[in-house]
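Here is the structure we will look at.
The values are calculated or read from the model by the stated rules, or taken from the named source; none is laboratory data. Fair warning: this is a prediction, and the values are worked out from it, not measured in the lab. Note that we place each Cβ from the backbone using ideal geometry, even for glycine, and neighbour counts take in every protein chain shown. The protein model used for the area step is the full one, side chains on, heavy atoms only, and it has no ligands, DNA or RNA in it. Shrake-Rupley method; radii C 1.70, N 1.55, O 1.52, S 1.80 Å.
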Amino acid sequence: MKELKPMPTVGAGAYEIRIKASGQWRVIYVAKHADAVYVLHCFHKTTPKTAKSDIDLAAKRYKLMEA
């Protein structure tokens with residue numbers, strides 16, 4: 001089962017895919033550019049709330065991608 005969620009705290013056009021298979025997995029990505037899909041961060045989720053460090057890392061990579 002997959003769910004999509006906008007991630008405006010990461011950046012404009014960033015989304016999170018929620019995957020439930022052998023636990024909870026998250027992939028934060030941007031697909032607003034015609035030439036590529038940028039995977040900013042993916043991780044195995046072990047707590048109910050996404051850790052601030054995971055969001056911060058994705059946001060940092062988003063800024064590097066936009067530069």
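Some points to look at:
- Screening GLU66 on (1) open to solvent by less than 70 Å² (accessible area, probe 1.4 Å); (2) touching a residue at least 24 places away in the same chain (Cβ under 8 Å); (3) of a type outside the set (Ser, Thr, Tyr) shows it passes everything except condition (1).
- Every test in (1) on the phi > 0 side of the Ramachandran plot; (2) in contact (Cβ under 8 Å) with a residue 40 or more places away in the chain is passed by MET7 save one, and that test is (1).
- In the stretch 19-51, the residue that is surrounded by the most Cβ atoms within 10 Å (Cβ to Cβ) out of those that are among the aromatic types (Phe, Trp, Tyr) and free of Cβ contacts under 8 Å to residues at least 24 places away in the same chain is TYR29.
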